[in-house]
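What follows is one structure encoded as structure tokens, with my remarks underneath.
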Amino acid sequence: MAKNISLAIILLVDDDPVIRLMFGEGITTDRYRITALADGKHTLEACDNQHFDLAIIDQGLPDTSGLE
């Protein structure tokens, strides 16, 4: 009988596509699901619609502060 393991959902936000790719590949396993976004607008929309267990957010996004 297989265990019912819930995946941790990680939000990764950075405007640099290379950083998103490196972090995404580095932390993607069978235990985590990654949502990678590039800007504040889409991040705020995603946070309104989904729960994240961990958020890794660049503070210097092009359209808003990562602290917002």
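Hey, what angle do you get for helix 40-49 against the long axis of the chain, alpha-carbon based, 0 to 90 degrees rounded to 10? Relative to the chain, helix 40-49 is tipped by roughly 40 degrees. Accessible area per residue for the chain, computed on protein heavy atoms with a 1.4 Å probe, is 73 Å².
Just the number, please: Stokes-Einstein D of the chain in µm²/s, Kirkwood Rh from C-alpha pairs, 25 °C, 0.890 mPa s.
Working: Rh = 12.6 Å.
Translational diffusion coefficient: 195 µm²/s.
Remark on residue 37: its backbone amide H falls under 5 Å from those of 12, 13, 14, a criterion applied only to residues 5 or more positions apart or on other chains, H modelled at 1.01 Å from N. Per atom type, the chain shows carbon and sulfur on 55% of its accessible surface, probed at 1.4 Å. Residue 43 sits with roughly 10 Å² accessible to a 1.4 Å probe, with DNA, RNA and ligands left out of the calculation.
Full extension of the chain segment joining residue 59 with residue 21 gains 11.9 nm, where the gain is 0.36 nm per residue of separation less the Cα-Cα distance. Only beta bridges with both residues in the chain are counted; by DSSP, about 10 percent of them are antiparallel. Compute the label zone of residue 47 within region 12-37: residues whose backbone N is under 16 Å from the point 7 Å along Cα-to-Cβ. Residues 12-15, 35-37 qualify, since their backbone N sits under 16 Å from the label point. Annotation: amide H of residue 9 within the under-5 Å range of 33, 53, 54, sequence separation 5 or more or interchain, hydrogens built in the peptide plane.
The values are calculated or read from the model by the stated rules, or taken from the named source; none is laboratory data. The structure displayed is predicted, hence computed values, not measured ones. Here Cβ is always computed from backbone atoms with ideal geometry, including for glycine, and neighbour counts include all displayed protein chains. Each accessible area value is taken on the protein alone, full model and side chains, heavy atoms only, with ligands, DNA and RNA left out. Shrake-Rupley method; radii C 1.70, N 1.55, O 1.52, S 1.80 Å.
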